Amino acid sequence: MAKLSFWGEFKDSILEESFQRDKWPSVRFRLLFVYFVTILVVLSSLYSDYVVLGPGTGFHIVLLGKIVPCLLSVLALILLLTDKVRLTVQYAVMAVAMLFGLISESVELLVKAFDIGTLSVPTAVFIVLAYYILLSPRAIPPFIAAVCGSFVYLCSLSVVVPTSSGTFVNSAIYILLANVFGCFFLYTFGRSLRREYAAIQNLKRLVEFDELTGVCSRRKVLEAGVGLFKSARRFDSKLAVLVMDIDHFKKINDEYGHHVGDEVLKETARRCSGVLREVDYFGRLGGEEFVVILPHSTLYDGIKVAERLRICVRERMFKVDESYLPSSVSLGVAELREHEDFASLLQDADEQLYRAKACGRNQVCPAMFRVVKPAVRKI
């Protein structure tokens with residue numbers, strides 16, 4: 001299981017970035033809802049502020065205090081709708097909008113000090129809870145914004161009412177509880193989401209990659225082959241397939257044991273992976289048999305790659321424990337021509353593999369050649 005940091009995020013930055021991208025659609029939807037509601041609430045509350053304060057300086061101060069988070073919410077809404085900005089920028093804008101939302105509440109509190117009365121539950125509490133709950137699983141931006149905004153709000157409240165009064169104490173307790181609950185929710189919920197994501201990624205890896213050699217699994221490489229075959233047919237592009245088999249592998253297992261056979265498989269896969277391009281697919285079909293799919297490659301390209309694979313395996317012996325073993329591979333090559341589907345193309349390459357093995361192994365046999373048994377002259 002992937003390790004988590006103190007903040008409940010993956011220590012592996014690449015995995016964390018992948019997790020954030022995976023969860024972003026749901027977070028984006030919640031953000032759109034929060035920003036839209038924020039804009040409506042701010043605009044509707046201005047009317048009640050105008051009724052209470054009248055068209056004076058106090059109303060203008062409140063208007064200025066509320067128009068800033070409103071404009072920030074509009075900006076954030078536009079960024080979300082376009083969805084062309086990095087996630088770190090999106091979260092930063094969210095944190096700033098949240099902070100200014102709490103600051104606007106503080107400004108309104110100072111202006112309406114004459115009508116403060118006794119506060120039951122401050123509006124700041126709902127703002128803090130909304131951002132904590134709706135914006136997980138990113139923990140740091142809402143935490144910083146909530147703590148800083150809460151501090152500003154309590155400082156403003158301390159100017160209006162005595163810190164020893166019940167109004168200040170109750171408000172401070174409510175805001176403290178909102179932050180504690182929000183942090184706990186972000187921490188536990190974020191960790192559970194990440195553990196679930198890590199488990200799913202591990203499961204996908206088990207399905208998509210061969211556990212022993214680390215190359216593509218049979219299922220993944222065959223699915224990739226079907227997709228590349230259809231694409232090559234549609235766009236009239238080239239496609240070559242190689243089928244590779246380790247020579248005398250059963251003899252290695254029988255004489256040295258399966259442990260040595262596994263090491264030979266892993267070393268063969270490692271050497272071959274270093275020869276191939278990033279766009280090529282290299283997978284294990286089963287046992288000692290591998291397949292290589294070469295997009296945008298002709299039969300001639302496939303022969304060259306197959307020969308490089310053969311040489312990289314044969315050029316030096318395999319060191320297993322204290323033993324040195326010679327090893328070689330045989331390869332069959334086929335190019336997409338009049339094949340009906342990928343299975344027939346793969347079968348064509350597989351037939352060439354068997355011809356290569358029949359001709360003595362440690363060689364490449366392309367589909368354009370045919371092995372003919374020599375005729376025996378009758379006397």
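The values are calculated or read from the model by the stated rules, or taken from the named source; none is laboratory data. These figures come from a predicted structure and were not determined experimentally. Every residue, glycine as well, gets a Cβ built from its backbone with ideal geometry; the counts of neighbours run over all protein chains shown. The area values use the complete protein model at the heavy-atom level, side chains included, leaving out ligands, DNA and RNA. Shrake-Rupley method; radii C 1.70, N 1.55, O 1.52, S 1.80 Å.
Couple of notes before you dig in:
- Relative protection proxy for 18-25, 32-39, from highest mean packing down: 32-39, 18-25 (other beta-carbon atoms within 10 angstrom).
- If R0 is 22 Å, the Cβ-Cβ spacing of His296 and Arg270 corresponds to a FRET efficiency of close to 0.30.
- Magnitude of the charge dipole for the chain, about its Cα centre and with charges confined to Cβ atoms of Lys, Arg (+1) and Asp, Glu (-1), is about 840 debye.
- Here region 1-128 exposes an accessible surface that is 70 percent carbon and sulfur, computed with a 1.4 Å probe and the other protein chains kept in place.
- Rolling a 1.4 Å probe over the heavy atoms of the protein chains gives the chain an accessible area of 55 Å² per residue.
- Considering every alpha-carbon pair of region 1-97, the percent of pairs per 10 Å bin, from zero through the bin containing the longest distance, is 14, 35, 25, 16, 8, 2, 0.
- Under 5 Å from the amide H of Leu4 lie the amide H atoms of Lys11, each residue being 5 or more positions distant or on a separate chain, with H modelled from the backbone and absent for Pro and chain starts.
- Contact order for region 175-329, expressed relative to its length and based on alpha carbon pairs under 8 Å spaced 6+ residues apart, stands at 25 percent.
- Ala198 sits among other residues whose Cβ lies under 10 Å from its own Cβ, and their net charge, with Lys and Arg +1 and Asp and Glu -1, is +1.
- Neighbours of Glu267 by Cβ distance under 13 Å: Lys/Arg scored +1, Asp/Glu scored -1, total +1.
- MRE, 222 nm, helices only [DSSP H, n ≥ 4, -39500 (n - 2.57), over the chain, to nearest 500]: -22500 deg cm²/dmol
- Relative contact order (percent, whole number), the chain, Cα cutoff 8 Å, 6+ residue spacing: 13 percent
- Binning all Cα-Cα separations of region 250-379 at 10 Å, short to long from zero, yields these whole-percent fractions: 11, 40, 31, 13, 4, 0.
- Relative to the dominant Cα principal axis of the chain, helix 342-358 is inclined by about 40°.
- Separation of the Phe185 and Cys148 label points, Cα + 7 Å toward Cβ, nm: 2.2 nm
- Cα centroid separation - region 174-253 against region 56-86, whole Å: 41 Å
- Near Ile311, once Lys and Arg are set to +1 and Asp and Glu to -1 for all other residues with Cβ below 12 Å from its Cβ, the sum equals +4.
- DSSP-defined antiparallel bridges as percent of all bridges, the chain, nearest 5: 85 percent
- Order by protection proxy (mean Cβ within 10 Å, highest first), peptides 301-307, 56-62: 301-307, 56-62
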